[in-house]
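The structure appears below as structure tokens.
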């Protein structure tokens, strides 16, 4: 079986979930084959080449006819190879011979976007995420995770969205399941920092109350720290870092130096390439030295 994220083995147990359900968003080309079938072996590299070329425009589900006799029968297969194109839960086209590459392309064209016009699923998920469609992004990341469970980048993105949806327990379980070396990677460290901030958020007063407290006492250490956390959760990161710097200036020993600790966690959450991080790293350095 290929290691491609676009190719998977279909069985009687996963056919509904991985073919019928997924075909609502991505066309699935079902290839029913057998090891003894010479035309199947001629066709196989053509299908594998095309699914890579289309870069996620469709997926290739391979059904071993000898091992999946019940599924093969339910698909009405009478000869091998049999190829069925499934879209929106319906068989929309197909063939049962070793067609040349050009003929297979003609079959795909009416139903599948061309590779150059097809947004990669990972990019599409991130676009939906940025647009605020967490459910849409989660659905795509979940599909990518099913296709390639070893892709830790997708797994961490799934956990990030779960965290944003408030499912902190699931996000933390994903984080803990990562290999030790992966927990040290920037995305994993950002997730860990965000989870810590989110855990603290449940105990924080509303932003308006904290802002009023600072108006009454600009050096109130509780208000400075708690408001910085609220700002961080609402992506007002520069304001959050500014408050933490103020807290370090006015009360560096507050809660065993939690201002510095929180500032470093915020740096990790945002990543080293964030311009605000670079700015406030310099301020932190100047303050420490």
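Note on the range 74-93: residues that are out of contact with any helix residue (DSSP H, G or I) (no Cβ under 8 Å at 6 or more places or on another chain), farther than 21 Å from residue 17 by Cβ and surrounded by 15 or more Cβ atoms within 10 Å (Cβ to Cβ) amount to 1.
Counting only helices (runs of 4 or more DSSP H) wholly contained in the range 12-118, the ones carrying 2 or more residues that are closer than 17 Å to residue 147 by Cα and at pLDDT below 95 occupy 38-53. If you go through the range 219-231 and keep only what is farther than 25 Å from residue 195 by Cα and without any contact (Cβ under 8 Å) to a residue 24 or more places away in the chain, you end up with just 220.
The test for being out of contact with any helix residue (DSSP H, G or I) (no Cβ under 7 Å at 6 or more places or on another chain), loosely packed, with under 13 Cβ neighbours inside 10 Å, at pLDDT 85 or above and assigned by TED's automatic domain parsing to the domain that holds residue 154 does not hold for residue 218.
The set of residues in the range 247-281 that are more than 28 Å from the chain's Cα centre (by Cα) and touching a residue at least 24 places away in the same chain (Cβ under 8 Å) comprises 247, 248, 249, 250, 251, 254, 255, 258, 259, 260, 279, 280. A single entry from 243, 227, 204, 155 fulfils the requirement of being surrounded by fewer than 18 Cβ atoms within 10 Å (Cβ to Cβ) and over 15 Å from residue 268 (Cβ atoms): 204. Applying the criterion of being closer than 14 Å to residue 268 by Cβ and surrounded by fewer than 17 Cβ atoms within 10 Å (Cβ to Cβ) to the residues of the range 173-186, the residue that is farthest from the chain's Cα centre (by Cα) is 184. The residues on offer are 147, 160, 165, and the sole one that is modelled with pLDDT under 95 and surrounded by fewer than 15 Cβ atoms within 10 Å (Cβ to Cβ) is 165. For the range 37-49, the set of residues classified as touching a helix residue (DSSP H, G or I) at 6+ places or on another chain (Cβ under 6 Å) and under 12 Å from residue 7 (Cα atoms) is empty.
The values are calculated or read from the model by the stated rules, or taken from the named source; none is laboratory data. Note that the coordinates shown come from a computational prediction; the quantities given were computed from them, not determined experimentally. Note: ideal-geometry Cβ built from the backbone for every residue, glycine included; neighbour counts use all protein chains shown.
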